[in-house]
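Please treat every number below as a calculation from the coordinates, not as lab data. Everything numeric here is computed off the predicted structure, so don't read it as measured data. Backbone-built Cβ (ideal geometry, glycine too); neighbour counts: all protein chains shown.
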Amino acid sequence: MNVSMGDAFNLGWKLVAVLQGRSTPDLLHSYSAERQAVAQDLIRFDHEWSRIMSERPDTTPAAQQAQPRFQQYFIRHGRYTAGMSVTYPPSALTGTAESQALATGFPIGARFHSAPVIRLADAKPVELGHTITADARWRLFAFCPAENPMDPGAALHRLCTALYGADGGLVARFTPAGADVDAVIDLRVIFQQNSRDLALEHLPATLLPARGRLGLRDYEKMFCADHSGGRDIFDLRGIDRAQGCLVVVRPDQHVAHVLPFAAHDRLADFLAGIMIAA
Ligand SMILES: Cc1cc2nc3c(=O)[nH]c(=O)nc-3n(C[C@H](O)[C@H](O)[C@H](O)COP(=O)(O)OP(=O)(O)OC[C@H]3O[C@@H](n4cnc5c(N)ncnc54)[C@H](O)[C@@H]3O)c2cc1C
């Protein structure tokens, strides 16, 4: 059931954040607050499961025809036993649902549900969820509204200025001096356009950051919707095409918040409730 994996994943990034001085030790209390309910559910589930497994087989002809009860129960709880049904309630780490309608397929508190996209730099189809690893970083997925993102007045350019502006952007506020720009908050942008309709040189330069020991350019920050037959992430995850949105994802890959694309201040306030300014 992988509950212990979920527990370890929940606790691991919090320990990293506290030990690196990026969050106060209070953050650790959220481990019990979030995982105790999961443990209680598991005890309830196992209790019922052991009762079903140990009951006498029903030998009536009708029951012989039907799917055995243990199979029905196991199938019905498939998402639970796979560890995918855990949804954390609102807290300092998980926002409230005012803007959930902007991305109905990314329920706040639930695990981030991957979908196919096209990597802009080389037009390669990839799974968005597979481009992020378990490395204790926060992810900010910016689903762009329906406008030309190459236009210097586009909302994307304003977002990048708010995050990386020369006069102290939001990302810099929480990132230790000398660390890679995405060491704490990793921005990934998803466009509605086809990759062949966008030119890298007309998009914000901060989306091609130099990083790592050798300062190599990271070409995996920008993605496009996959328009081949029913694979468009904007449709699959119910994202508002007109307005776009920001989806904040915790290091354990649970959705922390869904915010309007231009809600820079709300994003800053939310992160300030979790992280200490560097
Ligand atoms: C019925 C059941 C079935 C499960 N099945 C699975 C499974 O099949 N697969 C899976 O991956 N996971 C399963 N789990 C979950 C797994 O057991 C937990 O995820 C894991 O044990 C959590 O580890 P932990 O270190 O946080 O807590 P624990 O293993 O509970 O360790 C906490 C320790 O702290 C001690 N402690 C508590 N308070 C204090 C205190 N004040 N002072 C000192 N010590 C204290 C406790 O005595 C305990 O030894 C199951 C759990 C249950 C209850």
Query raised in the report: How large is the charge dipole for the stretch 3-81, taken about the Cα centre, if only the Cβ atoms of Lys, Arg (+1) and Asp, Glu (-1) carry charge, to the nearest 20 debye?
Result: 120 debye
Query raised in the report: Per the Kirkwood formula on distinct C-alpha pairs, the Rh of the stretch 158-258 is how many angstrom?
Result: 15.3 Å
Query raised in the report: Check D186: other-chain or 5+ apart residues with amide H under 5 Å from its amide H, H built from backbone geometry?
Result: W138, R139, L140
Query - Positive-end residue of G215, I276, N2, charge dipole of the chain with Cβ unit charges - result: N2
Report task. With r as the distance between the Cβ atoms of D135 and A39 and R0 = 35 Å, compute the FRET efficiency 1/(1 + (r/R0)^6) and round to 0.05. Result -> 0.85
Query - Charge dipole (debye, nearest 20) of the stretch 20-145; +1 at Cβ of Lys and Arg, -1 at Cβ of Asp and Glu - result: 180 debye
Query raised in the report: In degrees from 0 to 90, rounded to the nearest 10, what is the angle of the helix 29-54 Cα long axis to the longest principal axis of the chain?
Result: 30 degrees
Report task. Considering only A62, A210, A177, give the residue with the highest GNM mean-square fluctuation for the chain, with springs between Cα atoms whenever their separation is below 10 Å. Result -> A62
Query raised in the report: Given the Cα atoms of the stretch 100-272, and with Rh set as the inverse mean 1/r over their pairs in the Kirkwood sense, what is Rg to Rh to two decimals?
Result: 0.92
Query - For the chain, built as a Gaussian network whose Cα springs stay under 10 Å, the top-fluctuating residue of D218, D182, D26 - result: D26
Query raised in the report: How far, in nm, would the chain grow between V126 and L19 when pulled straight, counting 0.36 nm per residue and subtracting the alpha carbon separation?
Result: 35.2 nm
Query raised in the report: Stretch D151-A177 to full length: gain in nm at 0.36 nm per residue minus the Cα-Cα span?
Result: 6.2 nm
Report summary line: Across P90, P61, P25, the residue with the highest GNM fluctuation in the chain (Cα network, 10 Å cutoff) is P61
Report summary line: Rounded to the nearest 0.05, FRET efficiency between A205 and L28 (Cβ-Cβ, R0 25 Å) equals 0.10
